[in-house]
Amino acid sequence: MARFALNTHRIDPYKISKFQVVLDGRVVPDVIRVSALRRETETVLYRAGDFPNHLIKAPGLTDFDPIVVERGITHDTTFEDWADLCYSAQGDAAASLKAFRKDMLINLLNRQGAVVLSYRVYRCWVSEYTALPDLDSQANETAIESITIQHEGWERDKSVPEPAET
């Protein structure tokens, strides 16, 4: 069985090193890491009084793990601006109740830079913002900022076709 419908010559799965995060219709620059998309559905145990001596297991509520997005610090203020929609130094009245939730796209790219998989993450908001990492005069590392995103689920955009590879 072919692993890829269009590129039947291909045998290796996609790599995790090429991806993009899209927010408000534009690619967020300099993203270096996105945590896994993970969901967990609770198990509800059930047994009626006249059932045999075993439990019935049924799906219950589903929860979605927060997503952590990291990127190198530049003068782009996308993370800071979004985090500020949930918190303002001017108090709760200055926080945006209208705009703090956003849908986000996470695109996996092939080595040629074409989108091969796309996931839409729904009703995201920033619950944690790290503006500056630990600073160390002896370190030889890139300065990284990060956001932790709470959300209400994700789904794969199945309309994204497998791109023809040359």
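The values are calculated or read from the model by the stated rules, or taken from the named source; none is laboratory data. Since the structure is predicted, the reported quantities are computational estimates derived from the model, not experimental observations. For neighbour counting, all protein chains shown are included, and Cβ atoms are generated from backbone atoms with ideal geometry for every residue, glycine included. For the accessible areas, the whole protein counts, side chains as well, though only heavy atoms, and no ligand, DNA or RNA atoms are used. Shrake-Rupley method; radii C 1.70, N 1.55, O 1.52, S 1.80 Å.
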Output the residues belonging to region 27-61 that are closer than 17 Å to Arg120 by Cβ and of a type in the set (S, T, N, Q). Ser35
Here is a list: Gly72, Gly25, Gly49. Which entry is in contact (Cβ under 8 Å) with a residue 24 or more places away in the chain and more than 14 Å from the chain's Cα centre (by Cα)? Gly72
Does Ala89 satisfy the condition of being assigned to a loop (DSSP other than H, G, I, E, B), open to solvent by 70 Å² or more (accessible area, probe 1.4 Å) and at pLDDT below 95? yes
One residue from Arg123, Arg71 being on the phi > 0 side of the Ramachandran plot and either assigned to a strand (DSSP E or B) or in contact with a Leu (Cβ under 7 Å, 6 or more places away or on another chain) (or both): Arg123
Within region 117-156, can you find the residues that are open to solvent by 60 Å² or more (accessible area, probe 1.4 Å), acidic (Asp, Glu) and under 18 Å from Leu23 (Cα atoms)? Glu128, Glu152, Glu155
Being closer than 21 Å to Trp125 by Cα and surrounded by 14 or more Cβ atoms within 10 Å (Cβ to Cβ) narrows it down to one of Phe4, Phe64, so name that one. Phe64
Taking region 121-166 on its own, how many of its residues are touching a residue at least 24 places away in the same chain (Cβ under 8 Å) and of a type in the set (S, T, N, Q)? 6
For region 102-112 the number of residues that are modelled with pLDDT of 95 or more and either of a type in the set (A, V, I, L, M) or assigned to a loop (DSSP other than H, G, I, E, B) (or both) is 5
Among what's in region 128-166 and is in a loop (DSSP other than H, G, I, E, B) and aliphatic (A, V, I, L, M), pick the residue that is nearest to Asn107 (Cα to Cα). Val160
